[in-house]
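The values are calculated or read from the model by the stated rules, or taken from the named source; none is laboratory data. Not measured: the values here are computed from a predicted model. Glycine also receives a Cβ, built like all others from the backbone with ideal geometry; neighbour counts cover every protein chain displayed. These area figures cover heavy atoms from the full protein model, side chains too; ligands, DNA and RNA do not enter into them. Shrake-Rupley method; radii C 1.70, N 1.55, O 1.52, S 1.80 Å.
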Amino acid sequence: ADAVYQFIKKNKLNDITLMGHSYGGTVALLLLRKIEKSKEYSLVKNTILIAPAAYIQRFPFFVQIPRTPIINTIFLSLISERTQARHTLKRLFYDDKKVTRERIERYALYYRGKEHKRAIVWSARNMVPEDVGRLEEDIKTILSRTLIIWGSKDSVIPKSNIDRLHTELKNSILSVIENAG
């Protein structure tokens, strides 16, 4: 969120549409909180959150494993990148036909190499902001016009969290896409 804020300021951007998906939704909310506190309302005009991770919840398998010492090393070393990618995509996509060989190959690239594996572990371990309780409270103060999009078959972000976010974001619209992960 700080890096995005610095980018916006450095490039003198205003009235942007901020978009965040999944964990990127957390980053977007952190940025909106920063903007609200600094009263720089002209920076973000609209926000789009797609299945945002806004509240503490149970981590999905593909995040929990990299967070777990020793098991993460074993899993990331012994399980092929294709298998890791296929498993993750099958968990995320409601329609198995969307998990194509080409898509698996493309996602497997992100599991290859020591740098990628270190990044996966680091990201999983640092996924929860230090002040997550404060963020949950501050969501109620965010005034940005926000469109929240969620798939009715999402197996990662619970509907209860989406409903709560929609209620707590004063200026939000919720759009549920049926039969989508």
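The table below lists the values:
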item: Of all residues in the range 2-39 being among the hydroxyl-bearing types (Ser, Thr, Tyr) and open to solvent by 70 Å² or more (accessible area, probe 1.4 Å), the one that is farthest from residue 170 (Cα to Cα); result: 23
item: Subset of the range 45-74 (residues that are part of a helix (DSSP H, G or I), hydrophobic (A, V, I, L, M, F, W, C) and surrounded by 15 or more Cβ atoms within 10 Å (Cβ to Cβ)); result: 62, 63, 65
item: Filter result (over 17 Å from residue 22 (Cα atoms) and either assigned to a helix (DSSP H, G or I) or among the aliphatic types (A, V, I, L, M) (or both)) within the range 123-143; result: 133, 134, 137, 138, 140, 141, 142, 143
item: Pair list, Cβ under 9 Å, 6 or more apart: the range 96-115 residue in contact (Cβ under 8 Å) with a residue 40 or more places away in the chain and in a helix (DSSP H, G or I), other residue open to solvent by less than 60 Å² (accessible area, probe 1.4 Å) and among the acidic types (Asp, Glu); result: none
item: Filter result for residue 40 (out of contact with any Asp or Glu (no Cβ under 6 Å at 6 or more places or on another chain), modelled with pLDDT of 90 or more and of a type outside the set (S, T, N, Q)); result: yes
item: Test for residue 142: is it open to solvent by 80 Å² or more (accessible area, probe 1.4 Å) and in contact with a Leu (Cβ under 8 Å, 6 or more places away or on another chain); result: no
item: Where a residue in the range 53-65 is basic (Lys, Arg) and its partner, wherever it lies, is in a helix (DSSP H, G or I), with Cβ under 9 Å and at least six apart; result: 58/64
